[in-house]
Amino acid sequence: MSALSVAGSPAVPAAGGTSGAVPLLAGAQAAGPPLAAPLPTPGAGAAGAAPWAGLRADGGPVILASASWPLSPADQLPAIPGFVTSSFSPLVAELADRCLQSYFGARPASQALGGRTAVLLASTSGDIATAAAVAAAVEAGRRVPPLLFFQSNPNAVAGYVAARWGLAGPVVCTMPAADTLADAHRSALLLLADGDADAVLLILAEQVQAGDGGDHGLAQLIGPSSWPPGGTPPEPLSQPDHVQERGI
Amino acid sequence: MASLPPAAEPGPVVITGMGVTSAFGRGPAALLDGVLSGTPAFAPVTRFSAEHCRVKVAAQLPGTPLLADEISAALEDACTDAGAGPELRARTTLLLALHSDPAAARDAAADRTVGDTAGLVAARCGFPAAPRVYSAACVAASTAVADAAAMIASGQADRVAVAAGFLVDNDSLALFDAGRALAVDGQVRPFSAGRRGLLLGDGVAAVLLESAAAARDRGIRPAAVLAGWGRAGDAYHVVQPRPDGSGLARAITSALRRAQLDPADVGYVNANGTGTSFSDAAEAAALHRGLGPAAERVPVSSTKSVHGHALEASGLLELIVAVLALREQRLPVNAGYLGPDQDCQLDLVLGAAREAGLRYALSLNAAFGGANTALLVGAA
C-alpha cells in the first residue's frame, strides 16, 4: 500500500487538532500544473455567490485548522453507527471531528459556514478491508452483509461527515496516484476557485494492510484567510431530524 | 496562495471528442440507437454466477471484457474523434473515474488496483503517467468533468481528457443485491408508479474537453459546448438524498449561473433517475426547486432505464447521451413506465423518442453521501 505523503505538509498538529491560519502551499506548488487561479468573482446578486466570495483573491486560501491520526500508538478510533468491519470510515470520521472541533467547537457548523463548505476525501488505498470482506463473502457463496453495501464507497462516510457537521458544499472523493497531499491540495484549490465552495474540509485517509505499518491520515480545513467575514448563504440548512434523533 | 498571472481568456469549454461503450455496443451510434429505441438492454447475467443474488439481471456487453481494455478503446476513440495525436496527448491531463476491480480485493499481486488500471490506460493511450482517479460513486465521472471544466475555464489547462468505466462484476451485484437496491421485477422504471429499484449496466466513456480557443486554433469543430456545471451536497444522510431536493437544486442553479442561462433555456433533462422510490422523488423535487415553473414543461428521461446504472461511469455515459440528443434533436425514452406518481410530476419522454428543437440539455447525477452534480451542454 502506498503511504500517505506528509512531506511538505505545512500543518503538523501538536494535539488532536489545531486551528490557526497557515499559508498554503509550498508542497503542492512544487509538482504538477499551476494552482488554481481565482475565477472572476460572480456578479453581484448572482445565485449561489456568497457575500464573501470576492474576498478570496485578497485573503488567499490557507489552512484554517488541521488534525491527524494517530497521535500516539495508543490512539483509538471510536466506532461510528452503521459502519462495520473496517477501520477506514471510522478513521475518516475521527479525522474530520478532530479538525472541525478545533475550528468550530461544537457541531454542527453554523449554517453560514457549513452551507458552502465542501468535503474532499482523498485516499490512495481506499477501504481495502471492506473490499476484502465483500470479496470473501462472494467467494464463499455467502450473502454480503447489507451494511457493507453502504460503506463500500467512500461517499458514504463523506456523507456521514457532511450530515454530522452540516457541510453542504460539494462532496468529492479521489484516489491520487502520487504526491497524495499535493494532489489533494490541487483538488481543494480548484474547488475553491470554481466557486461552489468557500471552504474545503480535506481528509486524507490511508488504510494499511496488517504488517505494513498502520492506518493513518490527516485533515485540514482550507479556506480564505479572512473567512468568515460574515454573511449568510443563499439557502440556509436545517439539521435533519434523523441526525438529531440518532445523535450522529 | 501565490498570485498567478491572469489567464488568457479561454472562452467556453467545448467537447471535441467522444468515445463510448455500453451494453448496446461500441460507439455513439449504438448508444444513440439504444436510448432512442427505449428497449432495455437487461438480460440474465452470464459473466459470472449470480446464483446467490435475488436479482440476476444486468445490462452487459458480451463476454468478459477487461476494464483497462475497454477504457483504453473508448479513450482512443475520443482522441481520434478530436484529432488528438500523440504529441497533444502527451501534454494533456487525464482524469479518470473508475470502479474498483474485484481482482484487486482477491490478489494483491494482481496489478489490478484502481491505480494500476489508471496507469495502464494512461500509458496505452499516451497520456502523462499517474492520472488522478475519482471514486465518488455515481458522481465520480461528472465530478471529474466538472474539475476538468474548472481547470480549462480558469486557464490552468487548454484541454483535459476524462475517461470513466464500470463493468458489471460479481462483487457489485452482490453488494447492491444485499442492499436491496436492485429492481426485483427486472425493469428500471424511473419516476414511475411501482418502481422497484435500479439495475446495473456496463458503461465506459471518454471525452476530450478543450477551451473553445484551443479547439479553434487546432481547426477542430466541437461536438458540443459544456456551458455550465455545478456541484452541491445535501448534508443530510449517509446514503439517502435530502427529500426536498435542495442540494441537487443548488447544483442545477450553479450550472445555470455559470452558463448565464435561465431555466427556460433547458430543453431536455437526462435525469439521474435510478428507479429508486425516494431518490426519484427527491430528484423531481430538485427539478421543480431548481428550474421553477420551467420544470413543468421541460422533457425529462432517465436513460438508466435502458442502459442501466454504470455507477462511477454513469455521469460521463449520460453526458454523452445528452450530447447525442442535442446533435440529433431527438429525446431518449424513459422506459419501464407503468403510470404516474404524484411525487414525480414531470414531462417524461414516454413510449417513443420525441422530436425536439433544443439548444441546451441538462445531465444530472446524485450519489451516496448527498453528492449532487449538474452538467449543462449546448449545441456547438
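Summary of values
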{"item": "Selection within segment B:89-102 - crowded, with 19+ Cβ neighbours inside 10 Å, more than 20 Å from the chain's Cα centre (by Cα) and outside any helix (DSSP H, G or I)", "result": "B:92"}
{"item": "Qualifying positions in segment B:38-88 - assigned to a strand (DSSP E or B) and under 23 Å from the mean Cα position of the chain (by Cα)", "result": "B:42, B:43, B:57, B:58, B:59"}
{"item": "Count of segment A:70-94 residues which are closer than 13 Å to residue A:164 by Cα and of a type in the set (A, V, I, L, M)", "result": "3"}
{"item": "Counted residues, segment B:286-327 - those being of a type in the set (Gly, Ala, Ser), outside any helix (DSSP H, G or I) and closer than 17 Å to residue B:23 by Cβ", "result": "3"}
{"item": "Some residue of segment A:60-78 being among the charged types (D, E, K, R), over 18 Å from residue B:102 (Cβ atoms) and within 16 Å of the chain's Cα centre (by Cα)", "result": "no"}
{"item": "Matching helices (runs of 4 or more DSSP H) fully within segment A:1-119 where at least 3 residues are at pLDDT 50 or above and over 20 Å from residue A:197 (Cα atoms)", "result": "A:88-104"}
{"item": "Per-region count, segment B:131-162, residues touching a helix residue (DSSP H, G or I) at 6+ places or on another chain (Cβ under 7 Å), in a helix (DSSP H, G or I) and facing chain A (nearest Cβ under 7 Å)", "result": "4"}
{"item": "Residue match in segment A:140-152 (condition: within 7 Å of chain B (Cβ to nearest Cβ), touching a residue at least 12 places away in the same chain (Cβ under 8 Å), in contact with a helix residue (DSSP H, G or I) (Cβ under 7 Å, 6 or more places away or on another chain) and under 30 Å from residue B:93 (Cβ atoms))", "result": "yes"}
{"item": "Sole residue being in contact with a strand residue (DSSP E or B) (Cβ under 8 Å, 6 or more places away or on another chain), in contact (Cβ under 8 Å) with a residue 40 or more places away in the chain and more than 10 Å from every other protein chain (Cβ to nearest Cβ), chosen from A:204, A:191, A:167", "result": "A:204"}
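Condition check ((1) within 11 Å of chain A (Cβ to nearest Cβ); (2) over 15 Å from residue B:72 (Cα atoms); (3) at pLDDT 95 or above; (4) in a helix (DSSP H, G or I)) across all residues:
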position: B:104; (1), (2), (3), (4): yes, yes, no, yes
position: B:109; (1), (2), (3), (4): no, yes, no, yes
position: B:123; (1), (2), (3), (4): no, no, yes, yes
position: B:129; (1), (2), (3), (4): yes, no, no, no
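The values are calculated or read from the model by the stated rules, or taken from the named source; none is laboratory data. On a predicted model such as this, the values are computed, not experimentally measured, just so you know. Every residue, glycine among them, receives a Cβ derived from its backbone with ideal geometry; neighbour counts consider all protein chains shown.
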